[in-house]
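Below: one structure, written as C-alpha cells.
The values are calculated or read from the model by the stated rules, or taken from the named source; none is laboratory data. As the structure is a prediction and not an experimental result, all values here were calculated from the model. We place every Cβ from the backbone using ideal geometry, glycine too, and count neighbours over all the protein chains shown.
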Amino acid sequence: LYVAPESLTKLENIEFLRNVKISFYAVDEAHCISEWGHDFRPEYRRIRPIIKEIGLRPVIALTATATPKVQHDIQKTLGMLDAEVFKSSFNR
C-alpha cells in the first residue's frame, strides 16, 4: 500500500490503517522531511506522530539527495537517531 504524506494525514485514512496489518513503513524521498532540504514538504514532518498513532513498526527512510545536515534532520524527525545508515556513491 502506497500512501502519500498528504493522504496519510486524513483521519479516514488513519482509521483505515489502524485496521490493517502493517509490516513496516517506507518513507521515500525522505529529504522532503527536512526544512534544510531542497524540496521541503511540511506534511512529511507529521509522519512520525501518525506512525505512533497507527502503530509502531520498523521504519526505513530513503533518499538520494541528503546532505549530512538533512540526514540528521531526517533521523531526528523520524525518531531514528540510533538507526543504521547505509550510504552509497552517486556514481552508478
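Being among the small types (Gly, Ala, Ser) and modelled with pLDDT of 95 or more is a property that residue 30 lacks. Given the criteria out of contact with any helix residue (DSSP H, G or I) (no Cβ under 8 Å at 6 or more places or on another chain) and among the hydrophobic types (A, V, I, L, M, F, W, C), does residue 60 qualify? Against the criterion (out of contact with any helix residue (DSSP H, G or I) (no Cβ under 8 Å at 6 or more places or on another chain) and among the hydrophobic types (A, V, I, L, M, F, W, C)), residue 60 qualifies.
Please enumerate the residues belonging to segment 67-79 that are over 25 Å from residue 16 (Cα atoms), out of contact with any strand residue (DSSP E or B) (no Cβ under 8 Å at 6 or more places or on another chain) and surrounded by 14 or more Cβ atoms within 10 Å (Cβ to Cβ). Spell out the reasoning first.
Restricting attention to segment 67-79, the residues satisfying the condition of being over 25 Å from residue 16 (Cα atoms) are 67-76.
Pick out the ones that are also out of contact with any strand residue (DSSP E or B) (no Cβ under 8 Å at 6 or more places or on another chain) and you get 67-73, 76.
Across segment 67-79, the qualifying residues are 70, 71, 72, 73.
The rows are residues; the columns are (1) under 20 Å from residue 9 (Cβ atoms); (2) free of Cβ contacts under 8 Å to residues at least 40 places away in the same chain.
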residue: 25; (1), (2): yes, yes
residue: 42; (1), (2): yes, yes
residue: 49; (1), (2): yes, yes
residue: 54; (1), (2): yes, no
residue: 61; (1), (2): yes, yes
residue: 66; (1), (2): no, yes
residue: 78; (1), (2): yes, no
residue: 86; (1), (2): no, yes
residue: 91; (1), (2): no, yes
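Summed over segment 47-66, the residues that are buried (at least 17 other Cβ atoms within 10 Å of the Cβ) and part of a helix (DSSP H, G or I) give a count of 5.
Once segment 8-25 is narrowed to residues that are surrounded by 12 or more Cβ atoms within 10 Å (Cβ to Cβ) and not in a loop (DSSP other than H, G, I, E, B), the residue that is modelled with the lowest pLDDT is 8. None of 28, 39, 82 is touching a strand residue (DSSP E or B) at 6+ places or on another chain (Cβ under 9 Å), acidic (Asp, Glu) and exposed (fewer than 15 other Cβ atoms within 10 Å of the Cβ) except 28.
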